[in-house]
Amino acid sequence: MATIISRVIIEHYRSVRYLELEPASLCALIGPNNAGKTNILKAINLIMGNGGPLPLATQDYSDGDTSHPVSVKLFFTAPLRCRQGGFPVWGLRYFSPPLQSTGEVPNPQLDCLDEEGKILACNQDDHELFLQARSQVPFLFIDARRSLLNDGLEDHWKALRKLLERLGGIDGEARFLLETESLTAGADRERDEAAVSGPGRQSSLLVEALKAVKDADNAGAVIAIEEPEIFLHPHRERFFYRILRGLSMAGNQIFYATHSSNFVDIQYPEDVFLVRRKLGAGTVVRHNFKSTWSSDERFMLLREFDSRRNELFFSRGVVLVEGDTERFLYPPFLQSQGIDIDEIEISIVDAGGKGNMPLLVEVLEFFDIPYVAIFDSDMHPGKGRKRADVLLRLKQQGGPNARLIAASRSPGRLFVFEPNIEGALGFNPEMKDKVVSAVQYVQNGVSSQARCRLMEPINALLAQIGEKELQ
């Protein structure tokens, strides 16, 4: 079995105050801008990256507070044995002491750790022992730069070639691309066609090179990529995601930070790491997701979660609706109320039927994503009945409504229309095209009563978002 990273502990590094996570073989870091996704990758690179490890800059200390040391620890699934003395090394630590009074950032301390996380005491050179242990795990980090015109990117491709060599090499087109196009500058700094062909070409070469690694069944590498989707069109994004998943299934470990829903697959919830940044706490990660879905549940997730629905992971808040009528009705209605859902990063997600809503609510609940669920009661309305009374009656009746109510931890997130949204708002759509009728209804202007009904869940969602962002 290949040795991969089993645990990551980061303290006082950039946006991270304290963070501990147990990565899967494929670790998809998702979340809003400035949450700290890239900082997690860079923290791993502090230990595993080629060269160095180098001293930090003052801005690398969390919140600019240089009175606290920076510490990054990586633990592995199996011990790394070193040539000198055969010490079993279970972990590696990068430690940068507090800033000295002179203002000079000190050199980092590099340590090997035992199974309990204690520093190994030995008579050998600590730095040499650290490098020996680290060298046993092939590692590649590709940041968001995809142009050889950027200083330092040549090192990416050198590292990639080195990684491929350690994993047994590659054949075919990828070898031709990486060797004959020689993605590095020569001594005279002249650049070949590949080097000047632009960042899109560089991204394509990265896809092809990692595809070759997967096709060759090479295993044992740890690969970290910042924004794998950059400069790729949607089809190529989906193709690249399948390559990365294939690499992880073959015994490699893949970390990436992404803003693309094409690189998330809720069928594998254990691979999703939702990264947020909280006031007073810095970067936090939501994980340990229920990974014991039944086969029926996994099939439902596979069937229902496409890249459009996967968008919910990247949203500040979600309006979960039964189907197309509500999904197409709400955006123009909200636009008419001066609310641009794209500007405020709210997603309208249809569940493809009420039967799918409980499972999607479980996903939203676990990842602590603000949401409201809008659904039809499908029963004769009672005059003047309060929402709480309607939900209680639906719960007692059983069926899909009861399952949905049970899935939500708070009734304040559930909004029911009796008997359906059309009846509650007072318009009669043509059954042959309910969606068109709903959009036309909104475009023609709604009554003040209908406006209040439609805005009620939106106001509740905006309040949730506001409360969460103040935490």
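Coordinate-derived values only; no laboratory data. Note that the structure is a prediction, hence the values are computed from the model and not measured. Note that each Cβ is placed from the backbone with ideal geometry, even for glycine, and that neighbours are counted across all protein chains shown.
Quick notes on this structure:
- The calculated FRET efficiency for the pair Leu54 and Glu115, based on their C-beta separation and a Förster distance of 35 Å, comes to about 0.80.
- Between region 18-74 and region 361-402, the alpha-carbon center distance in angstrom: 42 Å
- Centre-to-centre separation between the Cα atoms of region 212-227 and those of region 90-108: 31 Å.
- Here Asp340 and Asp368 are evaluated by their C-beta separation; at R0 = 30 Å the FRET efficiency comes out at 0.75.
- Projected label distance in nm at Leu279 and Gln397, using a 7 Å step from Cα toward the beta-carbon: 4.2 nm
- Using the Cβ-Cβ distance between His380 and His233 with R0 set to 56 Å, the FRET efficiency works out to roughly 0.65.
- Derived scalar couplings ³J(HN,Hα) [region 66-71; Karplus, 6.51 cos²θ - 1.76 cosθ + 1.60; whole Hz; x for Gly, Pro]: 8, 7, 9, x, 9, 9
- Pairs beyond 27 Å (Cα-Cα), from Lys354/Lys434; Lys278/Lys354; Lys73/Lys278; Lys37/Lys468: Lys278/Lys354
- Cα-based Rg and Dmax for region 315-469, where Dmax is the largest Cα-Cα distance (Å): 14.8, 43
- Here region 413-428 is scanned for amide nitrogen atoms under 18 Å from the site 7 Å beyond the Cα of Ala463 along Cα-to-Cβ, giving 413-417.
- Dipole magnitude for region 315-469: about 700 debye, using +1 per Lys or Arg Cβ and -1 per Asp or Glu Cβ, origin at the Cα centre.
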